[in-house]
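The values are calculated or read from the model by the stated rules, or taken from the named source; none is laboratory data. All of these numbers come straight from a predicted model, not from anything done at the bench. As a convention, Cβ positions derive from the backbone with ideal geometry for all residues, glycine included, and neighbour counts pool all protein chains shown.
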Amino acid sequence: MKRLEYVQSKIISIAQAAQMAEIYRLSQQKVVFTNGCFDLLHLGHITYLAQAAGLGNKLFVAVNDDSSVRSLAKGANRPINPEFARAMVLASLGFVNHVLVFSEPTPLKAIEAIKPDFIVKGADYDASVNDESDKRYIVGKNEAVAWGGITQTIAMVEGYSTTLLLSKG
């Protein structure tokens with residue numbers, strides 16, 4: 001398989017992700033899930049994703065589609081890169097096993113389908129928050145508890161965010 005085809009093959013549907021996660025679980029592998037816009041990949045993203053991957057054996061990254069990025073009010077010009085481009089960049093990373101694109105306001109549907117062992121977010125979220133209306137709440141936390149999953153945060157790299165980088169331009 002050519003390298004570009006290999007990268008493209010890592011972009012899968014939610015249904016395919018659910019099947020792959022089940023196969024991994026049957027072989028005693030730990031599944032890690034995270035999500036985000038990943039509009040302009042930077043050092044903060046790389047550090048975060050590498051640390052997330054280190055929590056288990058297989059890393060699934062769910063990417064907001066273009067319309068859901070726009071609904072997050074990140075700015076009039078966002079996303080900078082279209083969803084396929086963002087998914088391809090993520091899929092090209094060696095420690096990312098699968099990338100899926102979601103269109104809902106939150107990745108809950110994907111989380112419920114995959115049932116990851118770990119749901120990971122940046123430290124701007126708080127794994128101890130149980131109130132779903134709190135912006136620090138990690139979506140899928142309550143569901144993950146039901147199947148024995150863990151929610152965890154990873155420290156952010158100071159000075160690196162897409163919004164901050166765009167403001168320098």
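Below is a table of values for the structure above.
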read-out: Failed criterion for residue 117 (all others in (1) of a type outside the set (A, V, I, L, M, F, W, C); (2) surrounded by fewer than 21 Cβ atoms within 10 Å (Cβ to Cβ); (3) over 28 Å from residue 5 (Cα atoms) hold); value: (2)
read-out: Total residues in the range 89-144, condition free of Cβ contacts under 8 Å to residues at least 40 places away in the same chain, in a helix (DSSP H, G or I) and out of contact with any strand residue (DSSP E or B) (no Cβ under 8 Å at 6 or more places or on another chain); value: 4
read-out: Residue within the range 150-169 that is on the phi < 0 side of the Ramachandran plot, at pLDDT 95 or above and part of a loop (DSSP other than H, G, I, E, B) present; value: no
read-out: Odd one out for residue 84 among (1) within 23 Å of residue 148 (Cβ to Cβ); (2) part of a helix (DSSP H, G or I); value: (1)
read-out: Lone qualifier among 72, 59, 26 - being of a type outside the set (Lys, Arg) and under 13 Å from the mean Cα position of the chain (by Cα); value: 59
read-out: Residue match in the range 110-128 (condition: of a type outside the set (Val, Ile, Thr) and at positive phi); value: yes
read-out: The lone exception for residue 6 - which of (1) within 27 Å of residue 155 (Cβ to Cβ); (2) assigned to a helix (DSSP H, G or I) it fails; value: (1)
read-out: Selected residue [modelled with pLDDT of 95 or more and either among the charged types (D, E, K, R) or more than 10 Å from residue 35 (Cβ to Cβ) (or both)] from 124, 117, 131; value: 117
read-out: Cross-chain or 6+ apart pairs with Cβ under 7 Å, the range 43-64 first and outside any strand (DSSP E or B), then at pLDDT 95 or above and among the acidic types (Asp, Glu); value: 56/117
read-out: Any hit, the range 67-77, residues being surrounded by fewer than 16 Cβ atoms within 10 Å (Cβ to Cβ), aliphatic (A, V, I, L, M) and in contact (Cβ under 8 Å) with a residue 12 or more places away in the chain; value: yes
read-out: Scope the range 12-43; condition over 21 Å from residue 150 (Cα atoms), crowded, with 19+ Cβ neighbours inside 10 Å and not aromatic (Phe, Trp, Tyr); matching residues; value: 12, 37, 39
